[in-house]
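The values are calculated or read from the model by the stated rules, or taken from the named source; none is laboratory data. What you see is a predicted model, and the numbers here were worked out from it, not measured in a lab. Because the Cβ atoms are built from the backbone with ideal geometry, glycine has one as well, and the counts that use them run over all protein chains shown.
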Amino acid sequence: MCYSAQVRAEYQAYVRHFGAQTSIEEFYELFWRRAREAYMCEIPKAMEDAFAKPQTEREQEIKALIDEFRASQANRYEETLFAQKTRLVEAQRKLEAKVTKAAQESQRIAKRKVDWAKAKLADLRRTESRRGDSRIFPDWYAPVLVVADGQRVIKPMRYHCLPAGRPEFFDRKYPGTFNARRDSLETYWKGVFGVSHGVVLAEGFYEHVMRHKAEGRELAAGEAEQDVVIEFKPQGMGEMLVACLWSRWTAAGKPDLLSFAAITDEPPPEVAAAGHDRCIVPIREQNLDAWLNPDLQDLAASYAVLDDRERPYFEHRLVA
């Protein structure tokens, strides 16, 4: 199900590669809502860092909103750090007087939370880039390439699709809708497939699998199943053009929600051998216009793009 992916989170990469425009107002609205309306959302650091050197007035305003949000986060982590350090001192004082399970537990929790707050502050303040800065998970935002008014446009979208016209709770009732299965494109995804297609640049994806399946063996007698995470990367390829569906959900009195899902299909042999039963669909760049400009009356053409996909060999490694 592509529960996580390593994407290109900087909108400039899409501008350079595809000659696309940026829907800067929708980026502004996203960062404004997070900073000013406490909109609970996850945005990869690389997507924020794309505005580190603003070139326009609007980009400067976006950077200011990012800085404002980071400052509020830093204050929250500092408050947690102070509270937990105080708790730790108190627990240690009690343990010096008398060893109790309650004091030991309080000490353990305080140490863990102190370490967590320190790590969060360090990550918030670092300036060097890391590969994980571009990794997304369900409910995280990423740039998505679409066509609007005949132009290629980059829009910020949530990786977890809530199709237009569905109840607001629908994506919570069906939390797997970051995955658009090919065999459900004309059923569950009716109204989206053949209507609004997009592409995300990604260099790899991650999946949860059972360890024994990843190792190509049966469970040993008395062995419990163990969940592990595997990274899949296309051998000999750079970034893949991952086929997606997207939608703009609207409701009276509610902000619009732009969201997307990655299309998945049956896995190639090497992915199946590693223990997973789905795989993203990387389309060919020569088919990009056909994919981004679908015809609801000619779904066969969209299926043809999915069939004429890139078929790299997916190397894999255990990451957790």
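Remarks
- Considering 218, 168, the condition of being of a type in the set (D, E, K, R), surrounded by fewer than 13 Cβ atoms within 10 Å (Cβ to Cβ) and free of Cβ contacts under 8 Å to residues at least 24 places away in the same chain is satisfied by 218 alone.
- Members of the stretch 261-295 that are in contact with a Pro (Cβ under 7 Å, 6 or more places away or on another chain) and farther than 24 Å from residue 141 by Cα: 276, 277
- Sole exception among (1) more than 15 Å from residue 145 (Cβ to Cβ); (2) touching a Phe, Trp or Tyr at 6+ places or on another chain (Cβ under 9 Å) for residue 272, by number: (2)
- Candidates 89, 99 - the one that is farther than 21 Å from residue 197 by Cα, β-branched (Val, Ile, Thr) and in a helix (DSSP H, G or I): 89
- Test set (1) outside any loop (DSSP other than H, G, I, E, B); (2) under 14 Å from residue 260 (Cα atoms); (3) without any contact (Cβ under 8 Å) to a residue 40 or more places away in the chain - residue 158 fails condition number: (3)
- Subset of the stretch 245-271 [within 22 Å of residue 316 (Cβ to Cβ), under 15 Å from the mean Cα position of the chain (by Cα) and not small (Gly, Ala, Ser)]: 263
- Test: residue in the stretch 107-122 that is among the small types (Gly, Ala, Ser), in the same structural domain as residue 263 (by TED's automatic domain parsing) and surrounded by 14 or more Cβ atoms within 10 Å (Cβ to Cβ): no
- Of the residues making up the stretch 33-47, those that are out of contact with any Phe, Trp or Tyr (no Cβ under 8 Å at 6 or more places or on another chain) and surrounded by 16 or more Cβ atoms within 10 Å (Cβ to Cβ) are 45, 46.
- Among residues of the stretch 294-320, those that are under 16 Å from residue 245 (Cβ atoms) and surrounded by 14 or more Cβ atoms within 10 Å (Cβ to Cβ), counted: 8
- Test for residue 166: is it in a loop (DSSP other than H, G, I, E, B) and farther than 18 Å from residue 294 by Cα: yes
- Hey, residue 275 in a loop (DSSP other than H, G, I, E, B) and either outside the structural domain of residue 9 (by TED's automatic domain parsing) or crowded, with 20+ Cβ neighbours inside 10 Å (or both) or not: yes
- Within the stretch 1-28, the set of residues being buried (at least 18 other Cβ atoms within 10 Å of the Cβ) and either over 30 Å from residue 207 (Cα atoms) or free of Cβ contacts under 8 Å to residues at least 24 places away in the same chain (or both) comprises 20, 22, 23.
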